[in-house]
1. Going through Leu63, Leu95, Leu78 one at a time, which residue ends up being of a type in the set (A, V, I, L, M, F, W, C), more than 16 Å from Ile171 (Cβ to Cβ) and in a helix (DSSP H, G or I)?
2. I'm trying to understand the selection: among the residues of the stretch 7-53, which are small (Gly, Ala, Ser) and without any contact (Cβ under 8 Å) to a residue 12 or more places away in the chain?
3. Tell me, which residue of the stretch 231-290 that is hydroxyl-bearing (Ser, Thr, Tyr) and part of a helix (DSSP H, G or I) is modelled with the highest pLDDT?
4. Among Arg9, Arg16, Arg61, which is of a type in the set (D, E, K, R) and within 14 Å of Arg80 (Cα to Cα)?
Amino acid sequence: MVQYQSTVRSFLSYLRAAFPEVRRPSQLHRDPHFLGWFRSLCEKQPPLCNVTRVRHLLNLRRLLDDLVANGHPIPPDLIRREDFPPQPCYLPRPLSPQEDQLLQQELRRTDDLLANALLLTRATGIRIGECLDLPLDCLQQMGPEQWALHVPLGKLHNERLVPADSEIRRIVERILALRALAPPSHLAKSQGLLLSRPGSCTSKICSSHQTFYQTLRQALAQTAQRAGCSGHVTPHQLRHSFATEMLQLGVSLPALMKLLGHKDIRTTLRYVLVTQQDLQREFHQARQNAVHPHHLPTLSLSKGIENADVPGIRQALAVTRHLLEMYRRQLDDEKTKGRLRRLDRRLLAVASQLDRIATAGKMRKD
C-alpha cells in the first residue's frame, strides 16, 4: 500500500505542476500526460534506479486497471511494454566448487530437518519457496528406476517434474524420517507438507511461510560460516550453483530451462556462469572435432555414363558438380569461387530441367 501511495503522489504532483487543467481520469492521454511523467522519472535527482521506475509503472498500471474495472472511462494502452526500462543484468552468484563442496559436506554432517531441506534445494535447483511447499507425496515413480520430484505451483504459477536420482531420493526419505520425529504441534502446522514447521509458537505469524523461510536463511548462513565459506551465502545461490553445475555437465539450455521452471530462456541465461575453464574445454573439444573433417565421396566416371539416356546424363552432371566443388575449395580468390558457385547453380537448374523432361516423356508414353 505504501508503494502505491508513493506512485500516486508522484504522478499527481507531476500532473498538478505540468497539466493543472486535468481534473478527471477521462482527460488523461498517453501523450503528453504519461510520456511526460515517464520523462520526469528519468530526470529525477538523485537518479532513480531502473527497479524503482519499473515499480512506479507497474503500480500505476494496476491502479488504472482498477479504475477501469470500476467503470471509469479511461483510454486504453496508456502504459505500454516499451515504456518499462530494461531490467538490471545481475551476474549469477554460484558458489565456487570448493565452497559448494564444503557447504554440502557440512549440511550432511549437520543432518537435521533444515540441513536436509537445503540439501534438497541444492540437489534439485528448486526455489526455496517451492521447497517449503513440497507435498508429502512429492516423490513420484515415473517408471522402472525412474523417479521425479513433483514441484507444485510456484512463483510463475506452473508446476513441473524434476528428475530424482538416488541421492535426491535419499534426502527425501531422510526428511520424512526426521518429520516423523517432530512434535505433534509442528505436524499440526504442516499437514500434507513435506517439511514440518519448526518452533514452539502456535500463532499463525510464527508458523507462516515467511518465518520458516527466514529460519532456513539463518540456518544456511550459520552452516556456511562453519564450512568456511566467504561472504554471506543465500538460498538462491544454491539454485545458481545447481544451474551452473548442470551446464558444465552438458545439460542443454532448453532442458535446463525446464529443470529450473523458467518460461523464458533469457532468464535461464542469467542464472548460469560460463567460466574461462568452460570456454577452454568447449574450445578444445571443438578443435578436436575439426581434426577429423568429413570427406566427400569420390565419384568416378563409369562405362554407364557413356549411355545417352537420362540416368547417364544425370550421373555426368553429378560428377561435374563434384569436380567443380573440389576445384573451388582449392582456390583463394573469392571472386573466382563466387563464379564457380553460380556455375554450379546453373548445372543444378539443368539437372532439374532434365528431370522435368524425363517425367513429361514418361507421361506421354503412359
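1. Residue meeting the stated conditions: Leu63.
2. Scanning the stretch 7-53 gives Ser13, Ala17.
3. Ser241
4. The conditions single out Arg61.
The values are calculated or read from the model by the stated rules, or taken from the named source; none is laboratory data. Bear in mind the structure is a predicted one, so any value in this text is a computation, not a measurement. Cβ sites come from the backbone with ideal geometry, for glycine too, and all protein chains shown count toward neighbours.
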